[in-house]
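The values are calculated or read from the model by the stated rules, or taken from the named source; none is laboratory data. Computed from a predicted model, the values in this text were never measured in an experiment. Positions of Cβ are backbone-derived with ideal geometry, glycine not excepted, and every protein chain shown enters the neighbour counts.
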Amino acid sequence: MNIETAGARLKKIRQERGLTLEDIQKKTKIHVNVLRAVEGDSLSDLSPIYLKSFIKIYCNYLGLDYKDYVGETNLTHKPILNATVGRDIGQRAQDKLAFVKDASVKLNAMKPSPKFKKVIISIALAVIFLFLMINLIKLISSKFKHQAGKAKIVLSRPTSKTATSTQIKMAKGITQGFTLGLFARDKSWISVKVDGKVVFHGVLARGRSESWSAKEKIELSLGDAGAVELQVNDQRFSNLGRRGQPLKNIIINKEGLKIS
């Protein structure tokens with residue numbers, strides 16, 4: 001049977017059964033515009049493959065043999081042109097292509113511009129430079145503190161010299177004032193008088209050091225002679241006595257160190 005007259009016969013059968021195009025659309029899910037075009041034989045621009053499929057679905061719903069309406073001829077595939085299916089198939093393909101293009105444009109818009117990249121790189125380099133400078137300053141500060149602490153220890157660290165007499169002369173003559181440095185190897189009671197004025201009278205904790213400067217003399221008393229070490233200017237004195245031995249009236253002046 002000719003495809004051109006199949007639509008009219010389908011329309012007649014549908015109307016005889018009291019069915020509307022909307023009834024057919026709900027059951028077959030074919031758009032009403034397509035059903036109307038099938039019944040009006042106005043789908044000449046649609047590929048025969050899709051046309052045959054629509055007619056087959058329509059016939060199956062009405063309980064008809066679709067071959068009586070489509071025929072046994074081999075339908076060749078034609079390009080999809082402007083068949084109206086609510087939104088035609090060709091339009092759907094165009095919409096998909098437009099969507100892909102639009103997504104591509106949006107993705108390109110999201111990419112940072114070369115100028116923005118330069119700004120980000122500059123900020124990152126500035127942060128790295130600041131981080132390095134902070135750590136460098138910390139390192140230098142730590143070294144200075146270490147050297148200062150080391151110098152302080154050197155000031156009070158003893159030598160192997162031992163006081164072997166009650167009068168020890170200075171290795172170098174002193175023409176002006178002098179400085180006494182005292183380091184506590186262990187906790188010890190200490191009394192210090194500088195040029196006749198008491199400047200320290202109490203316990204010096206283990207590991208602590210103190211220093212005093214005098215013009216004429218320093219009078220020193222120790223609760224534990226073996227627990228402390230002395231340094232007068234650049235000359236050091238250790239082993240002033242045994243551990244636990246108290247020493248009083250140690251005189252330090254320009255001539256040297258005298259233990260009464």
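Which numbered condition in (1) outside any loop (DSSP other than H, G, I, E, B); (2) modelled with pLDDT under 60; (3) not basic (Lys, Arg) is the only one that Thr84 fails?
Going through the list (1) outside any loop (DSSP other than H, G, I, E, B); (2) modelled with pLDDT under 60; (3) not basic (Lys, Arg), Thr84 breaks only (1).
Of everything in the stretch 205-233 that's of a type in the set (D, E, K, R) and under 20 Å from Arg185 (Cβ atoms), which residue is nearest to the chain's Cα centre (by Cα)?
Within the stretch 205-233, the first condition is being of a type in the set (D, E, K, R), and the residues that meet it are 206, 208, 210, 215-217, 219, 224, 229.
Checking the rest, the ones that are also under 20 Å from Arg185 (Cβ atoms) come to 206, 208, 210, 224, 229.
Numbers: Arg206: 44, Arg208: 43, Glu210: 47, Asp224: 56, Glu229: 51 Å.
So the residue we want is Arg208.
So for the stretch 245-260 (the condition being modelled with pLDDT under 85, under 13 Å from Phe178 (Cα atoms) and of a type in the set (A, V, I, L, M, F, W, C)), does at least one residue qualify?
The answer is yes; a qualifying residue exists.
Where in the stretch 168-260 are there strands (runs of 3 or more DSSP E), lying fully within it, with 2 or more residues that are among the hydrophobic types (A, V, I, L, M, F, W, C)?
Working: elements: 178-184, 188-194, 197-204, 209-214, 217-222, 228-232, 235-237, 247-253, 256-259.
Of the strands (runs of 3 or more DSSP E) lying wholly inside the stretch 168-260, those with at least 2 residues that are among the hydrophobic types (A, V, I, L, M, F, W, C) span 178-184, 188-194, 197-204, 209-214, 217-222, 228-232, 247-253, 256-259.
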